[in-house]
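Notes for the one structure printed next.
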Amino acid sequence: MIRLTRAPDLMLGQHWVNLLEQAGIACRLSGCYLQGAAGELPVDQCGPDLWLEREQDKELAMRIIEGRAGPGEPRPHWCCDGCGEWLEPQFSTCWQCGAARPVGRHG
Ligand SMILES: [Zn+2]
């Protein structure tokens, strides 16, 4: 289990879980309002944290959350063809190797 991110509220957190499960990503929410399976959480972390079963799902999960679950138009992260770097959606070229963002690429 790895912690992916914290949802701003429970409803959005549950929405994220639904989206990820539809994508075949095993995940769960945890927080102080949920009992059990939270023994590893520091007591001061009470937000609805989103946890993934498999660490290798992390990048895809973040893309799903940021690209489809947030406000505004979908703006997924993208992967550089030149060096494999993952880049923020606002960049049109790779900061690492300078390659242009692939046209029509959505991950
Ligand atoms: Zn690159």
List the residue pairs whose Cβ atoms are under 9 Å apart, where the first residue sits in region 75-99 and is within 19 Å of Lys58 (Cα to Cα) and without any contact (Cβ under 8 Å) to a residue 24 or more places away in the chain, the second is of a type in the set (Asp, Glu) and surrounded by 14 or more Cβ atoms within 10 Å (Cβ to Cβ), and the two are 6 or more positions apart or on different chains.
Arg75/Glu66; Pro89/Glu66
Taking the criterion of being buried (at least 17 other Cβ atoms within 10 Å of the Cβ), at pLDDT 55 or above, touching a Ser or Thr at 6+ places or on another chain (Cβ under 7 Å) and hydrophobic (A, V, I, L, M, F, W, C), would at least one residue in region 40-61 satisfy it?
yes
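Any residue at all in region 13-22 that's in a strand (DSSP E or B), modelled with pLDDT under 90 and surrounded by 15 or more Cβ atoms within 10 Å (Cβ to Cβ)? Even if it seems obvious, please write down each step before you answer.
First, pick out the residues of region 13-22 that are in a strand (DSSP E or B): none.
Taking every residue of region 13-22 in turn, none turns out to be in a strand (DSSP E or B), modelled with pLDDT under 90 and surrounded by 15 or more Cβ atoms within 10 Å (Cβ to Cβ).
The values are calculated or read from the model by the stated rules, or taken from the named source; none is laboratory data. All of these numbers come straight from a predicted model, not from anything done at the bench. Every residue, glycine as well, gets a Cβ built from its backbone with ideal geometry; the counts of neighbours run over all protein chains shown.
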